[in-house]
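The values are calculated or read from the model by the stated rules, or taken from the named source; none is laboratory data. From a predicted model like this one, the values you see are computed outputs, not experimental measurements. Heads up, the Cβs are rebuilt from the backbone with ideal geometry, glycines too, and the neighbour counts pull from every protein chain shown.
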Amino acid sequence: MKFAKKIQKKMSVWQYLALGYLLVILIGSILLVLPFSTKDGSTSYLDALFTATSATCVTGLVVVDTAVHWSGFGQAVILLLIQTGGLGFATFVTVVFLMIRRGNLGVYQKRTVMQTFGGKNSSGSGTLILRVVVGTFAIEGLGAFVLAFRFVPDFGWGKGVYFAVFHAVSAFCNAGFDVLGSAGSEFVSLTAYATDPLVSLVVPLLIFTGGLGFCVWGDVWDSRFRWKKMQFYTKFVLSISTVLVVLSTALFLLFERNNPALADYNFGQRLLCAFFQANTPRTAGFSTAGMSTLSDSGYLLTLILMFVGGCSGSTAGGIKVSTFAVVVAGMWAVLRGRRDIDIGKRRIDNGLFGQALAIFTAYLAIILTSTLVICAVEPTGSFQAVLFETVSALGTVGLSMGLTPALHTASKLIIILLMYMGRAGVLTLALAIGKKRSEAQIRRPVVDSLFIG
């Protein structure tokens, strides 16, 4: 315990979180490379590392079919990694700490918990942890219970219950892993349930709830679902998220009206597929239609949704809804010559706008650089597919155009790094690597001869 305290004193919260996810990934990769983790008794360490990273970072990109390649033990390891990554490394460690110590959290643990979930008052960190764990298991349990009504009749009690639990956890944690078996090179196993209202509604709702963030649905519960009593941030992300889902559903319905995969569907079934497609890029990775069948407009819309992602402090990835909204609001204010950035009846601090713009630019630069390198390494891969995989990896989405299993070693390592960066957070990694420096008291003169526009 003294050794742990010494490490904590030397490490910032950012370093603790970044190294924590890395440790979980390494342990998971060691477990997955064991002979009894696979059905045929063998797997390469690179594939084990890729799968462990994808599960821990709740991404869903796979190089092997999860249902076919991994044994029951291997699938259990993947499920545990998904749950650990979904709850967050800090939550998992804190729960273990509380079980061992049976006492209150220290200041360091409280700071880490608050940083993970976006809370403000560190005094309520213990209560927040309890609510996160209980709330997560309750929602996943409810989702599994409902999904069992479809999977048990299809697969029997044993497999049906297992499939219901696995997919409920994977959906709520925004992981996108499935154990139903592949349907071609794109692993789109939920295509069999594309027109099934139960599966095609429950899975997106689990994705949406997990992508809102623990503090958001905690506030919704505290306010007893009354809009006026909700906090500003809760109202803000609920409004933006709802608008994105509704608008994306309408656009997918419009863009994919001539999609050959939906040719035999009626309007209600098309609406169901569009609703599913509007939710899964936020950042779950499930799919009821092959990504290669999307129109160019649908492809670009999917890229945008994967880039934006879910909400802060949630199981989702991407730049986050709040970041996207602040960047758009700031851009609109600048173009209109306004000094203040207003959202509703609130003013956004310029420092927050700068931070949001930095995250937006960093994600964009990482995606472009990674795409450039992978295109050079994979000359036979199309630009469309490579760009799709890189955005999916950094956004921890898991949707694929079937390119991932065919990637060479260098490209797989890049995708692994992108998934890790996406889950740990680009800002977290930047602050973890950066050195603590005191700002100089004397400031340099302002540039007055630089023109933009």
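Can you tell me which residue among T396, T371, T404, T361 is hydroxyl-bearing (S, T, Y) and surrounded by fewer than 17 Cβ atoms within 10 Å (Cβ to Cβ)? Explain how you work it out, then say what you get.
On the way: T396 fails: surrounded by fewer than 17 Cβ atoms within 10 Å (Cβ to Cβ); T371 fails: surrounded by fewer than 17 Cβ atoms within 10 Å (Cβ to Cβ); T404 fails: surrounded by fewer than 17 Cβ atoms within 10 Å (Cβ to Cβ).
Answer to the selection: T361.
Looking at the range 290-321, which of its residues are among the small types (G, A, S) and either surrounded by fewer than 22 Cβ atoms within 10 Å (Cβ to Cβ) or free of Cβ contacts under 8 Å to residues at least 40 places away in the same chain (or both)? Explain how you work it out, then say what you get.
The initial filter retains those residues of the range 290-321 that are among the small types (G, A, S), namely 290, 292, 295, 297-298, 309-310, 312-314, 316-318.
Within the range 290-321, G290, S292, S295, S297, G298, S312 meet the criteria.
Condition first: assigned to a loop (DSSP other than H, G, I, E, B) and polar (S, T, N, Q). Now tell me which residues in the range 368-404 satisfy that.
Of the residues in the range 368-404, the ones assigned to a loop (DSSP other than H, G, I, E, B) are 378-382, 395-403.
Listed by number, the residues that qualify are T380, S382, T396, S400.
Please find, within the range 268-281, the residue that is farthest from F172 (Cα to Cα) out of those that are polar (S, T, N, Q) and not in a loop (DSSP other than H, G, I, E, B). Write out each step before concluding.
Step one: of the range 268-281, the residues polar (S, T, N, Q) are 269, 277, 279-280.
Filter once more, so that each one left must be not in a loop (DSSP other than H, G, I, E, B): 269, 277, 279.
Working: Q269: 23, Q277: 16, N279: 12 Å.
The extreme case among them is Q269.
I want to confirm something. Restricting to the range 306-323 and keeping residues that are more than 10 Å from the chain's Cα centre (by Cα) and modelled with pLDDT of 90 or more, which single residue is farthest from F353 (Cα to Cα)?
Per the criteria, the residue is F307.
Taking the range 322-357, which residues are aliphatic (A, V, I, L, M) and in contact (Cβ under 8 Å) with a residue 40 or more places away in the chain?
We begin by selecting, within the range 322-357, every residue aliphatic (A, V, I, L, M); these are 325-329, 331, 333-335, 341, 343, 348, 352, 356-357.
Those that are aliphatic (A, V, I, L, M) and in contact (Cβ under 8 Å) with a residue 40 or more places away in the chain: A325, I343.
Just one of the numbered conditions (1) at pLDDT 90 or above; (2) over 28 Å from F236 (Cα atoms); (3) out of contact with any Asp or Glu (no Cβ under 8 Å at 6 or more places or on another chain); (4) not hydroxyl-bearing (S, T, Y) is not true of V386; which one?
So the condition that V386 fails would be (3).
Quick check on F151: is it in contact with a helix residue (DSSP H, G or I) (Cβ under 8 Å, 6 or more places away or on another chain) and at pLDDT 95 or above?
Numbers: in contact with a helix residue (DSSP H, G or I) (Cβ under 8 Å, 6 or more places away or on another chain): yes; at pLDDT 95 or above: no.
So F151 fails the test.
Residues of the range 244-289 being of a type in the set (K, R) and buried (at least 20 other Cβ atoms within 10 Å of the Cβ), which ones?
From the range 244-289, those of a type in the set (K, R) are 257, 270, 282; that's our starting set.
Within the range 244-289, just R282 meets the criteria.
Identify the residue in the range 306-323 that is in a helix (DSSP H, G or I) and touching a Cys at 6+ places or on another chain (Cβ under 8 Å) and, among all such residues, is farthest from Q83 (Cα to Cα).
S322
Looking at the range 39-54, which of its residues are under 24 Å from the mean Cα position of the chain (by Cα) and more than 10 Å from S29 (Cα to Cα)?
S54
Do we have any residue at all in the range 282-305 that's touching a Lys or Arg at 6+ places or on another chain (Cβ under 8 Å), closer than 17 Å to M401 by Cα and either modelled with pLDDT of 90 or more or not in a loop (DSSP other than H, G, I, E, B) (or both)?
Of the residues in the range 282-305, the ones touching a Lys or Arg at 6+ places or on another chain (Cβ under 8 Å) are 305.
Then drop every residue that is not closer than 17 Å to M401 by Cα, which leaves 305.
Filter once more, so that each one left must be either modelled with pLDDT of 90 or more or not in a loop (DSSP other than H, G, I, E, B) (or both): 305.
Among the residues of the range 282-305, at least one is touching a Lys or Arg at 6+ places or on another chain (Cβ under 8 Å), closer than 17 Å to M401 by Cα and either modelled with pLDDT of 90 or more or not in a loop (DSSP other than H, G, I, E, B) (or both), which makes the answer yes.
Kindly indicate the residue of the range 339-367 that is outside any loop (DSSP other than H, G, I, E, B) and charged (D, E, K, R) and also nearest to A329 (Cα to Cα) among those meeting that condition.
Across the range 339-367, the extreme among qualifying residues is D342.
Yes or no, residue by residue, for (1) surrounded by 13 or more Cβ atoms within 10 Å (Cβ to Cβ); (2) out of contact with any strand residue (DSSP E or B) (no Cβ under 6 Å at 6 or more places or on another chain):
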site	(1), (2)
I341	yes, no
A356	yes, yes
A376	no, yes
F383	no, yes
